[in-house]
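The values are calculated or read from the model by the stated rules, or taken from the named source; none is laboratory data. All values derive from a computational prediction rather than experimental measurement. For neighbour counting, all protein chains shown are included, and Cβ atoms are generated from backbone atoms with ideal geometry for every residue, glycine included.
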Amino acid sequence: MILTNNLTPASACRSFFSNDTYFASFSNATLFDGKQVIHPERRVRYENNMSLIIDDTKSTEDKKRRRDIVVKTDINGVYCLLSIERQSTIDKNMVMRYGNYEMMEYLKQLKNKKNKRLGPQFTIVFYTEPKKWNTLLKLSDYFDIPEELKKYFNDWKIILVDVKEIDTSKIKDEQTRYFLEAIQEMYKGNFEGLHRRIKMNRDNFIYAAIITGSLDLIRDLPEGICVREWKEWQKDLEMKVEMKENLKKREVR
């Protein structure tokens with residue numbers, strides 16, 4: 001049972017991707033075109049509080065950052081850091097911000113003398129808002145770079161995934177696929193498509209509704225209902241959707 005009044009879109013997203021299977025399935029679809037490279041059983045929780053002390057003769061600055069979900073996982077014998085960060089606004093500073101996150105993490109790893117090699121990190125920016133992303137995705141986009149110097153420029157890119165454009169056919173796990181499809185249907189206003197997912201986990205449905213601001217869909221959903229009651233509630237939703245559709249058709253006539 002989850003308490004909907006304590007959830008925000010950010011915490012709903014964190015709660016969903018805290019599930020190892022959901023995290024792995026989503027990452028495999030977005031990073032590896034659906035190929036099963038990341039395995040849930042090989043994930044290890046990683047401390048996602050990052051802090052760095054910048055000390056010079058003039059000032060001391062303590063920079064702290066926290067990412068949503070960070071895990072350490074084995075990919076072909078190499079341990080990598082993977083993270084999913086929900087983004088709710090179009091941020092022109094995104095590339096700079098995530099470049100800062102990653103450099104801070106590498107500097108932290110360097111301080112650990114036990115590390116013979118650093119662990120490469122990859123962040124998926126999970127964009128969940130209805131507006132289309134329309135700003136910069138790599139560091140070179142910020143600059144006018146002389147043609148002769150472009151090959152020397154150290155570029156920095158972000159992996160941005162717009163939930164509205166995800167090809168869900170590449171997602172192997174059923175519940176992960178239902179969750180993302182539910183968000184897509186809610187943004188389209190296609191509530192008829194929602195009640196087809198009768199096997200969708202109730203909590204995941206709530207997370208999707210909170211992320212999209214579709215709280216009216218869960219306002220009459222009781223806390224702690226059993227599977228049978230959840231299916232009955234979905235049938236009631238189907239009837240409400242059908243009534244709304246019929247009303248729209250009458251208005252058109």
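Worth pointing out:
- Checking each residue in the range 100-137 for being under 24 Å from Ile166 (Cα atoms) and more than 17 Å from the chain's Cα centre (by Cα) picks out Asn134, Thr135, Leu136.
- Within the range 139-159, if we keep just the residues that are of a type outside the set (A, V, I, L, M, F, W, C) and part of a loop (DSSP other than H, G, I, E, B), the residue that is surrounded by the most Cβ atoms within 10 Å (Cβ to Cβ) turns out to be Asp155.
- Residue within the range 110-128 that is at pLDDT below 95 and assigned to a helix (DSSP H, G or I) present: yes
- Qualifying residue in the range 128-141 (condition: in contact (Cβ under 8 Å) with a residue 12 or more places away in the chain, in contact with a strand residue (DSSP E or B) (Cβ under 9 Å, 6 or more places away or on another chain), under 15 Å from Tyr101 (Cβ atoms) and among the β-branched types (Val, Ile, Thr)): no
- Answer residue from the range 25-49, given it is among the β-branched types (Val, Ile, Thr) and either modelled with pLDDT under 80 or within 18 Å of the chain's Cα centre (by Cα) (or both) and is farthest from Tyr106 (Cα to Cα) among those: Thr30
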